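S.K.: Take a look at this one; I'll ask things after.
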Amino acid sequence: MIEVSRFTKRYGEFTAVDDLSFSIGPGEVFGFIGPNGAGKSTTIRFLATLLRPTSGEAWIAGHSVVGDPMAVRKVIGFMPDDFGVYDGMKVWEFLDFFAVAYEIPVKHRRKIIDEVLELLDLAHKREDYVNGLSKGMKQRLCLAKTLVHDPPVLILDEPASGLDPRARLEMKALLNELRGMGKTILVSSHILSELADFCTSIGVIERGKLLAAGTIQEIQRQLRSHRVLKVKVGDASTARARAVLEDDPGIRSVDAFDHTLTAEFEGQDEDMGRLLVRLIDSGVAVQSFAEETISLEEVFMLITKGIVN
Amino acid sequence: MFSNNPVLSRELLVNLRSTRAFVMQGLYASFLAALVYFSWPGGDPEWGGAVRQVSPGVARLLFNLFFLGQFFLVALVAPTFAAGAITGEKERKTYEMLLASPLKPLTILVGKLLSSLSFLVILIVSSLPLMILCFLLGGILLSEIVRAYLILILAAGTFGLLSLACSSFFRRTSSALVVSYLVILPIALLCVAVTRNDDSMTRDFVSIAVLPPWCLAIWTLVVVVVNRRLLRPPDVGSEGNEVIDEAEEMKSAIGVVIDRDLFPDKLFAPAKRTDLMPDGTNPVLDKELRSEIFSQGTLMLRVVIQVSMFISIFLMAVLLFWRPDWAGYYVAYVITFNLLVGPVFSAGSITQERERKTLGLLLTTLLRPGTIIRAKLLAALRVSTVLTFLLTEQLLLAYVLVPNLQTRFWTLPVYLLIIATTCLATTTTGLMCSALSRKTSVAIVTTYLVLFALFVGPVGLKLYMRDFVESVSESKLSAMTISSPYAAALSIVIPPDKSSMVGTYAAANTPPVRFPGGFAIPVWGMFLMFYPLLSGVFYIIAYVAFRYRWWRAGGTS
Ligand SMILES: Nc1ncnc2c1ncn2[C@@H]1O[C@H](COP(=O)(O)OP(=O)(O)O)[C@@H](O)[C@H]1O
Ligand SMILES: [Mg+2]
């Protein structure tokens, strides 16, 4: 859905973004993570057709960002990191303004505005002036604005920055809902935990360089040459379980501690399934059988330490 | 308060360190030097022809020119710095920090005043050597020079303080600036009228006994008012945004009330929508006219309308009814009004989107750059034209009632055309400067400079050349002034009804511009042909500049 190829942006001597490439599939939620000044907004503004690249290209839903910005604008909903609102406008007028700007005919507009206000829980603020809204409501209003033309792709730059914890949670819930509607979402943040629970893939950027990108599993696999299995078994089965595991060609080593076995494993998901069947067939009382995942937090720390590069 | 004033020292550092200040100062000094060089008695034969006699008359002429020039400089420049002094803090969102600091309001006020006037004072002082030269020519008393500087300093202080007061009452520099100019305009005209008086007794009396106490009174009043305003600022909403409710504001309004449902107010402020826009609406135009115009409250517009109406009544009595042959000067007033007010609505139109960080939102929609820029032009043009034409009501009245004007009824449409063309000129100039600048304050000041150069510069140059350069034909002098609506308005001749005044009438006559083919076009005709072209060029520049940014758009951050 989004394809970035070798995007570079220089400001004079300073390289803000250096040779960035990644791609995001349809329906994915891509978390764009990096500290302040890493180049997230620069990349996002490029994707939103607001910034000419020094070099590089990008395609959104098949349209070239550089060559056909108008077509790109039709398919994206963009929320800048730092935006203002017009003075003297009410909430519904604000949405109406953008709906007209997106060329939505009046007969659909009424329904869309109502729906969007409902979705973002702003219906009771319909008649309020936009510049009197709180920061959290303005963020939601801006998100509402990005939805009026029902774009398949949402590009959101730090949608939760500056919000209190509660508003942050609400924003998260909203994004989850949007994901459920099948939208492809690119969302940036400098705080990892904001994105951890609902991103399907992430990209980590630091000082203009992309350190890692891909689905979370892919990145984890990059980080470890092998997978780690944790198997918990009933009292009497530890020895038998250990024997079955050591028998398997995919298993490198097995450690046992109490009733929990930790095994280094190489292979696909199917191999893992077969292994479980074999354990059960040989009468091991398996209480739990899972791949040990490392948390996004750990991934991030590992990446920024330069382990993957 | 003076020696250890953090506001003052910070501002001085920032203001005077800028290269712009040095460049402006250098330009000004060389301009003055050139002026003196070319008008120096017995100067360059290429310019002056025969060597002129050293006469006290020339010295006085030069002296008067200097004084008037500097006076206008003070009236123009003092507000550009002072009107933005406090609104600038509001726009940068540092206002609350400043208020919450332990600084006394008076310290802030004095710091702001001195820092905004410092540059002006340097400009004035840099003209001192040239004034002394005039003094050396003879014919001028030292006391006159001292008095001239006294008046200039008083004027700078008064105008600066008035602008500061405006600055503390408005939220945007543009509003504060235009109201400052409007308040200063009648005061400045009055001062000039008094000091132009040839009777030296009245002059001495006014400048020594009347002016200083009045100035002091104004200063005290302004300081008290601003002090109170800074001590107890009105409630500022979240992030320093006052949310202005029109209905609420109307209740507490004094004087003129703007009612969007009534004529003529609805011409520049159509009623707010109660339902969605119909299909095919230009959303930007709709937004500008219905939402943005009063977004900062109606205070600015109400003050503008009231002050301009107030002045116009006096001017109408004198220029239209008592001396109908001076009708051109009334039109000149209307032009001045537009010159001051017009740029406010257009010069911020693009820069404000950037400053309020809404440009990014606007540019990612499907709106084309042409649609946006056209909407900005039409909205600004409409507001500025309607406000300006409110002042032509008096003109219409005079044409109905005054016999001398009735017989020359064809001059009315010409006057109206000149005014309309001026509106177009000020708006397109503002739009162009807005598309080329990054900040509204810069755009507005640039617009004023360009318009001043186009409108007033040629007239000044013409007057100067007529007095000091002898070998230029009257037709050439006229040709020089076709960019000035003032020259255009005054080139229309309405003979006085009293035959005793025919002499002055002949002197005021502006000859038409002659072309090689032998035909001649009056100055107003040239003006009416020149501006549609120039406005077109300005509009295209605005469009191209906007489009360039629209595609590159790097300017939105
Ligand atoms: N217009 C500009 N001119 C010069 N440098 C810029 C400009 N815009 C951004 N930068 C620089 O590019 C870098 C990346 O900025 P940005 O993309 O905004 O970072 P973030 O990841 O915090 O969003 C920063 O170091 C910033 O200073
Ligand atoms: Mg950013």
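S.K.: Kindly write out, for segment B:309-318 in residue order, the coupling ³J(HN,Hα) from the Karplus curve 6.51 cos²θ - 1.76 cosθ + 1.60 (θ = phi - 60°), rounded to whole Hz, with x marking Gly and Pro.
M.R.: Along segment B:309-318, the couplings run 5, 4, 4, 5, 5, 5, 4, 4, 4, 7 Hz.
S.K.: Still on this model: Place a +1 charge on the Cβ of each Lys and Arg in the protein assembly as shown and a -1 charge on the Cβ of each Asp and Glu, then give the dipole magnitude about the Cα centre in debye, rounded to the nearest 20.
M.R.: 2320
S.K.: Rounded to the nearest 20 debye, what is the charge dipole size of segment A:225-293 about its Cα centre when +1 sits on each Lys and Arg Cβ and -1 on each Asp and Glu Cβ? Show your work: numbers first, answer last.
M.R.: On the way: 8 positive and 14 negative charges, 34 e Å.
Result for segment A:225-293 is approximately 160 debye, rounded to the nearest 20.
S.K.: Counting each DSSP H run of 4 or more residues in chain A as -39500 (n - 2.57), what helix-only mean residue ellipticity at 222 nm follows after dividing by all residues, to the nearest 500 deg cm²/dmol?
M.R.: About -11000 deg cm²/dmol.
S.K.: List the residues whose amide H sits under 5 Å from the amide H of A:G84, counting only those 5 or more places along or on another chain, with H placed 1.01 Å from N in the peptide plane.
M.R.: The answer is B:T358.
S.K.: Between B:T428, B:V469, B:V442, whose Cα lies farthest towards the positive end of the dipole of segment B:409-501 when Lys and Arg beta carbons carry +1 and Asp and Glu beta carbons carry -1, centred on the Cα centre?
M.R.: Toward the positive end, the furthest listed residue is B:V442.
S.K.: What is the local net charge at A:H190, summed over the other residues whose Cβ is closer than 12 Å to its Cβ (Lys, Arg +1; Asp, Glu -1)?
M.R.: Values: positive: A:K40; negative: A:D81, A:D157, A:E158, A:E194, A:E206.
It works out to a net charge of -4.
S.K.: Choose one of A:G234, A:S288, A:A256: the residue whose Cα lies farthest towards the positive end of the charge dipole of segment A:225-293 (beta-carbon charges +1 Lys, Arg; -1 Asp, Glu; about the Cα centre).
M.R.: Highest projection toward the positive end goes to A:G234.
S.K.: Would you give the gap between the C-alpha center of segment A:171-202 and the C-alpha center of segment B:343-367, rounded to a whole Å?
M.R.: Cα centroid of segment A:171-202 versus Cα centroid of segment B:343-367: 30 Å apart.
S.K.: Counting other C-beta atoms within 10 Å, which of A:R240, B:R147, B:R172 has the fewest, and how do the rest follow? Intermediate values should be presented prior to the final figure.
M.R.: Numbers: A:R240 15, B:R147 18, B:R172 25.
In order of increasing Cβ crowding within 10 Å: A:R240, B:R147, B:R172.
S.K.: Using θ = phi - 60° and the Karplus curve 6.51 cos²θ - 1.76 cosθ + 1.60, what whole-Hz ³J(HN,Hα) does each residue of segment B:143-150 get, with Gly and Pro shown as x?
M.R.: Each residue of segment B:143-150 in turn: 4, 5, 5, 4, 5, 4, 5, 4 Hz.
S.K.: Less than 12 Å Cβ to Cβ from B:I482, Lys/Arg counted +1 and Asp/Glu -1: what total charge do the surrounding residues give?
M.R.: It works out to a net charge of +2.
S.K.: Of A:K138/B:K376; A:K135/B:K266; A:K125/A:K172; A:K209/B:K376; A:K9/B:K112; A:K138/B:K90, which ones are farther than 30 Å apart at the Cα?
M.R.: Numbers: A:K138/B:K376 25 Å; A:K135/B:K266 34 Å; A:K125/A:K172 21 Å; A:K209/B:K376 40 Å; A:K9/B:K112 41 Å; A:K138/B:K90 21 Å.
Exceeds cut-off: A:K135/B:K266; A:K209/B:K376; A:K9/B:K112.
S.K.: Classify chain A: rounded, prolate or oblate, from the alpha-carbon gyration tensor (a ≥ b ≥ c, eigenvalue square roots; a/c under 1.5 rounded; otherwise prolate if a/b is larger than b/c)? The partial results should precede the final answer.
M.R.: Values: a/c = 2.64, a/b = 1.89, b/c = 1.40.
The shape class here is prolate.
S.K.: Moving to a separate point now. Taking the alpha carbon gyration tensor of the protein assembly as shown, what are the square roots of 5 times its eigenvalues, largest first, to the nearest whole Å?
M.R.: Here the semi-axes work out to 69, 29, 26 Å.
S.K.: Would you tally the net charge around B:E353, using a Cβ to Cβ cut-off of less than 13 Å, leaving B:E353 out, and scoring K and R as +1, D and E as -1?
M.R.: +4
S.K.: Place the peptides B:154-161, B:343-350, A:182-189, A:127-134 in order of packing, highest mean first, counting for every residue the other Cβ atoms within 10 Å and averaging per peptide.
M.R.: Per-residue Cβ counts within 10 Å, averaged per peptide and sorted highest first, yield B:343-350, B:154-161, A:182-189, A:127-134.
S.K.: Suppose every K and R has +1 on its Cβ and every D and E has -1 on its Cβ; what is the size of the dipole of segment B:292-556 about the Cα centre, in Debye to the nearest 20?
M.R.: 960
S.K.: For a protection proxy built on the mean count of beta-carbon atoms within 10 angstrom, sort A:64-70, B:428-434, B:208-214, A:226-232 highest first, please.
M.R.: Most protected by this proxy first, the peptides run B:428-434, A:226-232, A:64-70, B:208-214.
S.K.: Still on this structure, I have one more. For the charge dipole of segment A:1-130, defined by +1 on Lys and Arg C-beta atoms and -1 on Asp and Glu C-beta atoms about the Cα centroid, which residue among A:V17, A:V66, A:F83 has the Cα displaced farthest towards the positive pole?
M.R.: A:V66
S.K.: Additional query: Where both residues lie in chain A, what percent of DSSP beta bridges are antiparallel, nearest 5?
M.R.: Of the beta bridges lying entirely in chain A, close to 70 percent run antiparallel.
S.K.: Highest mean first, what order results for B:358-365, B:391-398 on Cβ atoms within 10 Å?
M.R.: Top to bottom by mean Cβ count within 10 Å: B:358-365, B:391-398.
S.K.: Remind me, relative contact order of chain A in percent, using alpha carbon pairs under 8 angstrom and six or more residues apart?
M.R.: About 20 percent, as a whole number.
Throughout, read-outs are computed from the coordinates displayed, never taken from laboratory work. Note that the structure is a prediction, hence the values are computed from the model and not measured. So basically every Cβ, Gly included, is an ideal-geometry build from the backbone, and we count neighbours across all protein chains shown.
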